[in-house]
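Right, one structure below, let's go through it.
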Amino acid sequence: MPPLVGTPAHEPEPAAVLLPGLDTVQLDAEHGSVFLHADFQLENYRTFMSHFEAVALKEAASRDLIREIINAL
């Protein structure tokens, strides 16, 4: 089975890494887009994203889980 997303040599970088001065977050929802600009909003968003990244599966583990689910179907 081919790789599902990218390769380690071409791993995408989060926008905050590519653009360290990033000072706006766009959140899309069913009622439209919301833009976060205030420092406290951005800090809260960065904190949440750090927590999500800490608990998320690594790329290889994610692929393994997806393949396991596909094989179980």
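The values are calculated or read from the model by the stated rules, or taken from the named source; none is laboratory data. Because the structure is a prediction, the values reported are computed rather than measured. Because the Cβ atoms are built from the backbone with ideal geometry, glycine has one as well, and the counts that use them run over all protein chains shown.
Evaluating Arg46 against the criteria (1) modelled with pLDDT under 85; (2) at negative phi leaves one unmet condition, (1). Here is a check on your reading of the model: is Thr7 among the β-branched types (Val, Ile, Thr) and modelled with pLDDT of 85 or more? Answer is no for this residue.
Of all residues in the range 32-42, those satisfying the criterion of being exposed (fewer than 10 other Cβ atoms within 10 Å of the Cβ) and either modelled with pLDDT under 90 or hydrophobic (A, V, I, L, M, F, W, C) (or both) are Phe35, His37, Ala38, Asp39, Phe40.
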